[in-house]
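The values are calculated or read from the model by the stated rules, or taken from the named source; none is laboratory data. Only a predicted model underlies this, so the values are computations on that prediction, with no experimental measurement involved. Cβ atoms come from the backbone with ideal geometry, glycine included; neighbour counts cover every protein chain shown. Each accessible area value is taken on the protein alone, full model and side chains, heavy atoms only, with ligands, DNA and RNA left out. Shrake-Rupley method; radii C 1.70, N 1.55, O 1.52, S 1.80 Å.
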Amino acid sequence: MTVYRQGRLTTMHLTLPLLLCLVGVSTVLGRRRRGSGFMYPPKHLLDASHLPPAQWFTQVLDHSEPADTRTWQQKYYTNDSFYKPGGPVFLMICGEGPADPWWVVGAYWVNYARDHNAYMLFLEHRFYGQSYPTEDASVKNLAYLTTEQALADVANFIGGMKESLGFEDNKWIAFGGSYAGALAAWVRLKYPHLIHGSVASSAPVEAEVDFTQYLEVVRDSLATVSEDCNTQIKEAHQQLDLLLVDQTGWDTITTMFKLCSPLNGKNTDDVSNLFTYLTDNVEEVVQYNRYEDKININTICDIMLNGEGDAIDRYADINSMILEEYGELCLDHTYDAMIKELQVTSWEGNEDVGGRLWVYQTCTEYGYYQSSDSPNQPFGDKFPVEFFIKQCADIYGPKFDLSLLEAGVKRTNTIFGGRDLKVTRVVFLNGSIDPWHALGITSDLNPDAPAIYINGK
């Protein structure tokens with residue numbers, strides 16, 4: 001592992017170990033099968049009796065309209081075990097998933113709080129988890145789900161905590177990983193008088209409609225084990241293409257990949273959806289690649305290189321392994337089922353509503369679509385960017401088209417600066433294996449905004 005810069009935040013008057021970029025709150029930024037794909041904490045570390053209780057902050061619904069006095073309750077967690085008067089306040093910003101109290105007692109940033117006598121706060125993102133600003137997630141109400149509103153939540157929360165906890169003179173340091181990493185950078189950009197510094201891990205600060213680089217990095221990451229791993233995956237997809245020719249092939253795919261219903265190879269939406277799911281089996285493993293887990297890049301490549309049968313048989317074995325890991329008996333590949341799930345607006349009894357929320361954000365502000373449009377990747381060409389843009393209209397209505405998305409992406413990059421954002425006292429941490437580094441900061445912006453880039457992580 002090569003580290004290009006020592007992990008020292010001298011401009012923040014804090015010394016943070018480099019491992020920070022490998023831990024903390026992380027997301028999968030809109031994984032397609034399992035909702036928002038929030039990385040839940042390990043189940044075995046702490047029981048509920050050792051976890052802090054949820055607390056609730058009275059938050060403003062619409063920060064852009066002073067005359068709108070509506071409020072809602074935003075969830076947060078605290079840990080004051082290590083705080084000493086005058087110490088910094090560490091604020092972890094939650095991303096597109098529920099805030100779990102484990103992160104304030106069991107994650108690695110707890111060690112940094114101990115080292116620096118910091119007070120710890122963990123704020124849940126509006127609309128996600130249990131932080132419901134509106135009565136449901138209808139399209140009308142999702143108008144309040146924007147980057148600017150989320151950042152204003154953070155600012156208002158800081159103001160409230162400064163007053164209630166007496167932290168007027170303390171230095172506030174924001175933390176975030178993945179989407180929340182971008183928020184951590186942007187909150188320092190927008191509210192420098194409130195945030196003394198930020199740590200932005202795996203932060204995709206550049207919005208982009210067609211994120212073709214994602215699968216290219218997945219390819220490069222698999223090649224760190226063996227280039228033949230990519231060759232075998234490409235061969236598996238070529239064999240899948242051959243099976244799409246007729247009914248016999250469709251039946252074979254249905255059986256091999258444990259589909260919940262028979263594949264109709266003439267339904268291009270179902271075919272595209274199936275191929276995104278099969279690709280996601282590999283993408284998600286590459287993105288996290290935690291070597292302490294039983295499934296990592298080495299696991300994937302070992303199956304593709306040393307498993308039994310043809311390449312497609314081994315690819316099917318990976319799918320079976322992932323299904324078992326998530327306790328799923330079969331793979332529901334149908335496009336209509338996915339769309340209907342993402343059209344549900346009720347909070348009650350809807351554990352997958354996070355998927356609807358995150359897809360809305362991609363359709364209006366970020367894009368980030370991990371399409372198969374690049375020829376320089378082994379996963380075929382069955383899910384072009386148009387497939388993802390179609391979902392926007394099918395889920396939220398016809399006005400959510402390419403024009404709206406392009407305008408939203410342009411607006412995001414105009415407001416925050418993309419990869420040319422002008423900030424100080426922000427450290428950007430990325431690893432070469434993580435595909436999201438392709439939209440992040442991997443070289444120093446300036447002497448006070450350093451980048452730490454790690455080969456092999």
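For segment 248-295, the solvent-accessible area of protein heavy atoms averages 40 Å² per residue (probe radius 1.4 Å; ligands and nucleic acids excluded). Where does helix 247-256 land angle-wise versus the long Cα axis of the chain, in degrees 0 to 90, nearest 10? The two axes meet at around 50 degrees. A simple spin-label model places the labels of Ser374 and Asp444 2.8 nm from each other, with each point 7 Å out along Cα-to-Cβ. Within the straight-line cut-off of under 14 Å between alpha carbons, the aspartates and glutamates reachable from Lys410 are Glu206, Glu208, Asp210, Glu365, Asp420, sequence neighbours fewer than 8 places apart in one chain being disregarded.
Extension gain for the segment Glu324 to Thr424, taken as residue separation times 0.36 nm less the Cα-Cα distance, is 31.5 nm to one decimal. Computed over segment 279-393, the Cα gyration tensor eigenvalues convert (square root of 5λ each) into semi-axes of 28, 18, 14 Å, ordered from largest to smallest.
What separates the Cα centres of segment 361-400 and segment 406-434 is a distance of 21 Å. Where both bridge residues fall in the chain, DSSP classifies roughly 35% of the beta bridges as antiparallel. Overall, the chain carries a charge dipole of about 1620 debye about its Cα centre when +1 sits on the Cβ of Lys and Arg and -1 on the Cβ of Asp and Glu, all other atoms neutral. The mean accessible area for residues of segment 358-457, using a 1.4 Å probe and ignoring ligands and nucleic acids, is 37 Å² per residue.
Separation of segment 101-160 and segment 249-289, taken as the distance between their Cα centroids, equals 34 angstrom. In terms of distances greater than 20 angstrom between alpha carbons, the cross-link table entries Lys84/Lys171; Lys234/Lys294; Lys266/Lys399; Lys75/Lys457; Lys162/Lys190 yield Lys234/Lys294; Lys266/Lys399; Lys75/Lys457. The three principal axes of the C-alpha atoms in segment 148-284 carry coordinate ranges of 70, 34, 24 Å, sorted with the longest axis first. The angle separating the long axis of helix 213-223 from the principal Cα axis of greatest extent in the chain is about 70 degrees.
Computed from the C-beta positions of Gln55 and Asn117 and an R0 of 25 Å, the FRET efficiency is 0.75 to the nearest 0.05. Mean sequence separation of contacting Cα pairs (under 8 Å, at least six apart), scaled by the length of the chain, corresponds to a relative contact order of 20 percent. One equal scatterer on each Cα of segment 204-262, no solvent, Debye formula: the resulting log10 I(q)/I(0) at q = 0.16, 0.18, 0.26 Å⁻¹ is -0.73, -0.81, -0.95. Nonpolar atom fraction for the chain, defined as the carbon and sulfur part of the 1.4 Å probe accessible area, stands at 49 percent. Computed over the chain, the quotient of the alpha carbon radius of gyration and 2.2 N^0.38 Å is 0.97. When the P(r) is computed for segment 408-457, the part past 18 Å accounts for 35% of the Cα-Cα pairs. With the simple model of a label 7 Å out from the Cα in the direction of the Cβ, Lys258 to Leu165 spans 4.4 nm. The value of relative contact order for segment 186-278, using C-alpha pairs under 8 Å at least six residues apart, is 11 percent. Looking at segment 160-209, the GluC sites (Glu not before Pro) that sit in a DSSP loop and have at most 11 other Cβ atoms within 10 Å of their own Cβ are Glu168.
Semi-axes of the equivalent ellipsoid of segment 88-205 are 23, 16, 14 Å, computed as sqrt(5λ) over the eigenvalues of the C-alpha gyration tensor in descending order.
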